[in-house]
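Values in this text are rule-based calculations from the coordinates and carry no lab data. Since the model is a prediction, treat every value here as computed from it, not as a measurement. When we count neighbours, we look across all protein chains shown, and the Cβ atoms used for this are built from the backbone with ideal geometry, even at glycine.
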Amino acid sequence: MITVYTFSSLWALVLTMSSFSLATAALNTLQVRRKQRIARDIVRFELIDPSGAELPVWTAGAHIRLVTPGGHTRSYSLCGPVQARDHWAIAVKRDAQGRGGSVSLIDGVHEGDNLAISGGDNLFPLEAQAQQHILIAGGIGITPIYAMAQTLALMPNTSFQMYVCSRDAEATAFLSELQQAPWHDRVQIHHDGGDPSQSLDLWPVLETPSAAHVYCCGPHGLMDSVHDMSGHWPAHQIHFESFGATNHGWADNQSFDVVLPLSGLRLTVPPERSILECLRSAGVAVPSSCESGTCGSCKVGLLSGEVEHRDMVLLPEERAAHIMVCVSRSHSGGPLELAL
Ligand code: FES
């Protein structure tokens, strides 16, 4: 069953539902109705309530957290269609070099299987008051961005442009949907062939600040570029989201200690682990969600030490006294003293 919303009712949802809670909806298990390869290494899972009940309404940018067969808890953006109530859909990229969650999900989950849902939120909502939007997706980061485009296409008096960056056509999720959408003329798809020097030049898009809100989801290279190019924009108009494992790809990571005076602990953070992971292992509870420095959940007070800030959420004036422990590290290998 598909519930079709009118323009005004859908817009009302965007205005009022920047978040939703699966816990409050008493929903904790979804069944895989369909599993479908949609691009190279990318699989779409269609999820339903095993009882056949309608699923809660969600808004573009929302994500759910799944427990994979291997026991990993992972967050995945819902990717649409945004009007559907009979199912939700996620798209997952199999990362053989990752921490095992995507491999476990893609290799170990089949149609008819049940998946545990541990919660959900929308930490990457569309700005309800904005009438202009710039959507930038890289790789599997297209999932929330595609949902945003579907939503915005239904909104009267709202304009958007969408930029999709990927290696090649075979690696582009939802390629045919984007090419055939009634709003395909608002979409620019760019393939770099895996060569960073051929990346889409976004400077013409971001050179002149406007009233538009900018949303970017993708690999950190893309998000770093957008972050750097939008430094002259009002900070509240720039939004990022990523669920990547951001401690990978930092070849220069070094080991350092964190000191926790309130807990009476001193922990060593090795190059391949985040502060957050080490805190968890030591039984120190810190809220977290994206684990990629974009949601703002894991902010911790910084008492002393020099931080290499790798997040996308702390304001410049917050950086002296706070750290996002899922991604940021010691700047020079010296100890960091945290308010924990
Ligand atoms: S968990 Fe989201 S910013 Fe750290």
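What the table shows:
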{"quantity": "Computed Kirkwood radius, in angstrom, where 1/r is averaged over Cα pairs of the range 132-241", "calculated": "14.0"}
{"quantity": "Förster-model FRET efficiency, 22 Å R0, ASP107 and GLU177, C-beta, rounded to 0.05", "calculated": "0.30"}
{"quantity": "Residues whose placed amide H lies under 5 Å from that of ARG167, excluding near-sequence neighbours", "calculated": "ASP192"}
{"quantity": "Size of the chain as Cα extents on the principal axes (Å, biggest first)", "calculated": "55, 49, 39"}
{"quantity": "Estimated [θ] at 222 nm from DSSP helical runs (n ≥ 4, -39500 (n - 2.57)) normalised by residues in the chain, nearest 500", "calculated": "-4500 deg cm²/dmol"}
{"quantity": "Debye equation applied to the C-alpha atoms of the range 74-168, log10 I(q)/I(0) at 0.15 Å⁻¹", "calculated": "-0.72"}
{"quantity": "Calculated from backbone phi, Karplus (6.51, -1.76, 1.60) coupling profile of the range 255-269 in Hz, x at Gly/Pro", "calculated": "6, 7, 9, 10, 10, 10, x, 6, 9, x, 10, 10, 10, 9, 9"}
{"quantity": "Stretchable slack from ASN28 to SER304, in nm (0.36 nm times residue separation minus alpha-carbon distance)", "calculated": "95.3 nm"}
{"quantity": "Derived scalar couplings ³J(HN,Hα) [the range 129-135; Karplus, 6.51 cos²θ - 1.76 cosθ + 1.60; whole Hz; x for Gly, Pro]", "calculated": "7, 7, 10, 10, 9, 10, 10"}
{"quantity": "Axial C-alpha extent at least 20 Å, average Kyte-Doolittle at least 1.6 - helices from the chain (DSSP)", "calculated": "none"}
{"quantity": "Most fluctuating residue given options HIS72, HIS190, HIS236, as computed from a GNM of the chain linking Cα atoms under 10 Å", "calculated": "HIS236"}
{"quantity": "Protection proxy ranking, peptides 37-49, 284-296, average beta carbon neighbours within 10 Å, highest first", "calculated": "284-296, 37-49"}
{"quantity": "Semi-axis lengths (Å, descending) of the ellipsoid that matches the C-alpha gyration tensor of the range 256-338", "calculated": "17, 14, 12"}
{"quantity": "Backbone HN-Hα couplings from phi across the range 41-48 [Karplus 6.51/-1.76/1.60, Hz, Gly and Pro as x]", "calculated": "6, 10, 10, 9, 10, 9, 10, 10"}
{"quantity": "Amide H within-cut-off set for VAL214, under 5 Å, with H built and near neighbours excluded", "calculated": "ILE134, ILE238, HIS239"}
{"quantity": "Candidates ALA149, ALA84, ALA53, ranked by Gaussian network fluctuation over the chain, Cα under 10 Å, top entry", "calculated": "ALA53"}
